[in-house]
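The next block holds one structure in the form of structure tokens; read it before the comments.
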């Protein structure tokens, strides 16, 4: 094992993560070289080691969550991780050209994969598991319903113009237009998403979809074109260098008295290097302070809700769907990543679920307006406070 392995094993076992021994949080290290790799590269080596079967465990989500609670992800490869975060601040990873990478690498991967993983709603963001909901589809519909109410569609006349920045496969646009008669413009850089949305909702004249960067919206639609603007799970791809620009664009195209809604993962401000390398190139998880600093001076916060535990439940459901469907997906995806696609995707979903279960990651919903709205009534959660917090 060597001194590095002995040191790491000792630290892990002090946190009840047993190495090559039985325990609630037990891991089996199959390749002793893993210790040196982790010492040099931190979380990248942890994820790559799992992909390569250098280590394994029975309860991946809970074990990773326990490790995050013990702050091992911050202790491992500290110098390398800090250097990577500094590089992120020095090099703009979200220029107009670079922003398309995540669409090409991740969102265009294959609609068949996302159809089985996400379920019938094809919604790739945190669902809302409030009281009485026990299915992924119902939880996603509840999320859409609450967003519609948060932007006031239940109180507006039909034909309300809504912009959906990062519209995914069109689920929200379809829901808001079909249920409330809104006219929704959905934009995304992922061509496969837009193709799917156009085909699935071809008979819906009130939902239109375009391959477009958010920075191009003012040129196509002009100033104050929309009564409401929503962004559901796209802000993680904006990058801190462009937060002010993002809210400037929203300010430009939002009508006076309109509402801007932002649904985003949050945390301490930073990115995970393994996730950035294998799943979301250029991704960055903002802090609540970074978001607030970017919109202050343009918008007033009407409401902020945080319910990160719901993302743990959502990711767990996606992982179960993926594992169940793998026999059908293996023919197409089994050879990818040198035959390591299954374990890569499993580690991606499980590590993200662990981040939310441990509380390291948050899920924020901001409701913003240019001016105070005394008539605005926050949509409060109806779940136990142990599962989330309204701020």
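Checked against the criterion of being under 10 Å from residue 165 (Cα atoms) and part of a helix (DSSP H, G or I), the stretch 239-247 contains not a single residue that satisfies it. Residues in the stretch 254-310 that are over 16 Å from residue 355 (Cα atoms), in a strand (DSSP E or B) and under 15 Å from the mean Cα position of the chain (by Cα): 262, 263. The residues of the stretch 23-40 that are without any contact (Cβ under 8 Å) to a residue 40 or more places away in the chain and out of contact with any strand residue (DSSP E or B) (no Cβ under 9 Å at 6 or more places or on another chain), listed by number, are 32, 33, 36, 37, 38, 39. Scan the stretch 216-224 and give yes if some residue there is modelled with pLDDT of 95 or more and within 25 Å of residue 285 (Cα to Cα), otherwise no. Yes, because at least one residue in the stretch 216-224 is modelled with pLDDT of 95 or more and within 25 Å of residue 285 (Cα to Cα).
Would you point out the residue of the stretch 1-17, among those that are over 21 Å from residue 346 (Cα atoms) and buried (at least 18 other Cβ atoms within 10 Å of the Cβ), that is farthest from the chain's Cα centre (by Cα)? Even if it seems obvious, please write down each step before you answer.
Residues of the stretch 1-17 over 21 Å from residue 346 (Cα atoms): 1-16.
Still in the list and also buried (at least 18 other Cβ atoms within 10 Å of the Cβ): 5, 8-9, 12.
Values: 5: 34, 8: 31, 9: 32, 12: 29 Å.
This residue is 5.
When residue 20 is tested against (1) without any contact (Cβ under 8 Å) to a residue 60 or more places away in the chain; (2) surrounded by fewer than 19 Cβ atoms within 10 Å (Cβ to Cβ); (3) on the phi < 0 side of the Ramachandran plot, just one condition goes unmet, and that condition is (3).
The values are calculated or read from the model by the stated rules, or taken from the named source; none is laboratory data. None of the values given here were measured: they were computed from a predicted structure. No Cβ is skipped: glycine too gets one built from the backbone with ideal geometry, and neighbour counts run over all protein chains shown.
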